[in-house]
1. If you go through the range B:32-61 one residue at a time, how many are open to solvent by less than 30 Å² (accessible area, probe 1.4 Å) and in contact with a Lys or Arg (Cβ under 8 Å, 6 or more places away or on another chain)?
2. Go through the range A:71-96 and give me each residue that's closer than 30 Å to B:G206 by Cβ and at pLDDT 90 or above.
3. Could you please let me know if B:V74 is closer than 17 Å to B:G137 by Cα and not acidic (D, E)?
4. B:V17: farther than 30 Å from A:A85 by Cα, of a type outside the set (K, R) and crowded, with 21+ Cβ neighbours inside 10 Å, yes or no?
5. Given the options B:I75, B:I64, name the one that is open to solvent by 30 Å² or more (accessible area, probe 1.4 Å), facing chain A (nearest Cβ under 7 Å) and of a type in the set (V, I, T).
6. Is it the case, given these coordinates, that A:P56 is of a type outside the set (F, W, Y) and more than 7 Å from chain B (Cβ to nearest Cβ)?
7. Being within 11 Å of chain A (Cβ to nearest Cβ), over 15 Å from the mean Cα position of the chain (by Cα), modelled with pLDDT of 95 or more and buried (at least 19 other Cβ atoms within 10 Å of the Cβ): is that true of B:M111 here?
8. May I ask you to verify whether B:V87 is at the interface with chain A (Cβ under 7 Å from one of its Cβ atoms), of a type outside the set (K, R) and without any contact (Cβ under 8 Å) to a residue 60 or more places away in the chain?
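The values are calculated or read from the model by the stated rules, or taken from the named source; none is laboratory data. This is a predicted model, so every value here is computed, not measured. A quick note on method: Cβ atoms are made from the backbone with ideal geometry, for glycine too, and the neighbour counts reach across all protein chains shown. Protein only, heavy atoms only, side chains kept; ligands, DNA and RNA dropped before computing areas. Shrake-Rupley method; radii C 1.70, N 1.55, O 1.52, S 1.80 Å.
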Amino acid sequence: MRLDPTIVLTILGMALVTYAARAGGFLIVQWLPIGPFARRFLDHIPGATFAALIAPAVFAGGPLEWTGVVITAAIARYAGNPLPAMLAGVAVVAIGRQLGAG
Amino acid sequence: MPVTFSRQGAVRGALDVLPLTVAALLFGMAFGLLSAEAGLSVIEATLMSALVFAGASQFAAMQIWAEPVPVVTVILTTFAINARHLVMGAVLAPWLRPIGRLRALGSLFLMVDESWGLSVAKMKSGATDAAYLAGSGATLYMVWATGTIAGRLSGGLVPDPAAFALDFLPLALFLALLMTFWRGPGSLVPWLTSAAVAFAADAAAGPGWPVLLGAIAGALAGAVTDSRREYTRP
């Protein structure tokens, strides 16, 4: 059961920078006043982040994944919470792959 | 309504994140497998999952892992990939400010994309129990660490997440959450900007950059469009 010092050092470094990112943003807006433009910017971050998170995968996907995307988006648009849309999308893609479409 | 921090919120967060735990478990196991191939011991791999708790950067680290370990490169790459958490924490400030420094910092340690996404949607819908963030995060944290250990102990028998389309699950989550933010055609400006930049960055740069650059570009486009709309109002 080895615990190599260099590896531990690397892990601690990774942990430090990761937590700095996690906590740093919140601490910065605590200490620095943010004007209306910055406020609008932060307001748009969630949607923009989601779009960026899914974009590469959507572009890389095939017709099966795109079908899943359309179904997920359509159900999500009209349902109260994201769960049914998520499950429907995954089900479509999973079944499609089992049937050899993916 | 004042922001609270109670067990109810934490439980709600844990329940809402449950569908994602299967994917998190399998990806955790996949990381366990990669860590074995890279030469980490079980303790080292578990330590990484327990202290870093950031899948994308952990996978990237395993890709560039070598003997001797490129310490500085790994740390810098980790920061680049995880830099997006800076804006993520800032967005949740309305929930984090009122609950006290310790709870805020603790909740932030447990913050990942999926629990953040769910929490932002919850916060924007008017919910005030900020423990939701910690509850959802803690659940994924335990599953991630368990998955890592399970992946190591399974001797290479890790189920392929793609077999049950579980690799589609995070995409479906973020897409579904995105739809709840739809405010009309104007919403397309930041989203399409973000998608375009992310797509370009994905082709040109390594992991982490697509999300970071896409999110910043999209949010800038949205903020600029909002500002211009205000100036042209009669």
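1. Qualifying residue count, the range B:32-61: 5.
2. Taking the range A:71-96 first, the residues closer than 30 Å to B:G206 by Cβ are A:72-73, A:82, A:86, A:89-90, A:93-94.
Those that are closer than 30 Å to B:G206 by Cβ and at pLDDT 90 or above: A:T72, A:A73, A:M86, A:G89, A:V90, A:V93, A:A94.
3. Values: closer than 17 Å to B:G137 by Cα: no; not acidic (D, E): yes.
Against the criterion (closer than 17 Å to B:G137 by Cα and not acidic (D, E)), B:V74 does not qualify.
4. Details: farther than 30 Å from A:A85 by Cα: no; of a type outside the set (K, R): yes; crowded, with 21+ Cβ neighbours inside 10 Å: yes.
Spelling it out, it is not the case that B:V17 is farther than 30 Å from A:A85 by Cα, of a type outside the set (K, R) and crowded, with 21+ Cβ neighbours inside 10 Å.
5. B:I75
6. On the way: of a type outside the set (F, W, Y): yes; more than 7 Å from chain B (Cβ to nearest Cβ): no.
Here the answer is no, as A:P56 does not meet what is asked.
7. Values: within 11 Å of chain A (Cβ to nearest Cβ): yes; over 15 Å from the mean Cα position of the chain (by Cα): no; modelled with pLDDT of 95 or more: yes; buried (at least 19 other Cβ atoms within 10 Å of the Cβ): yes.
Taking the combined requirement at face value, the residue does not satisfy it.
8. Numbers: at the interface with chain A (Cβ under 7 Å from one of its Cβ atoms): yes; of a type outside the set (K, R): yes; without any contact (Cβ under 8 Å) to a residue 60 or more places away in the chain: no.
No.
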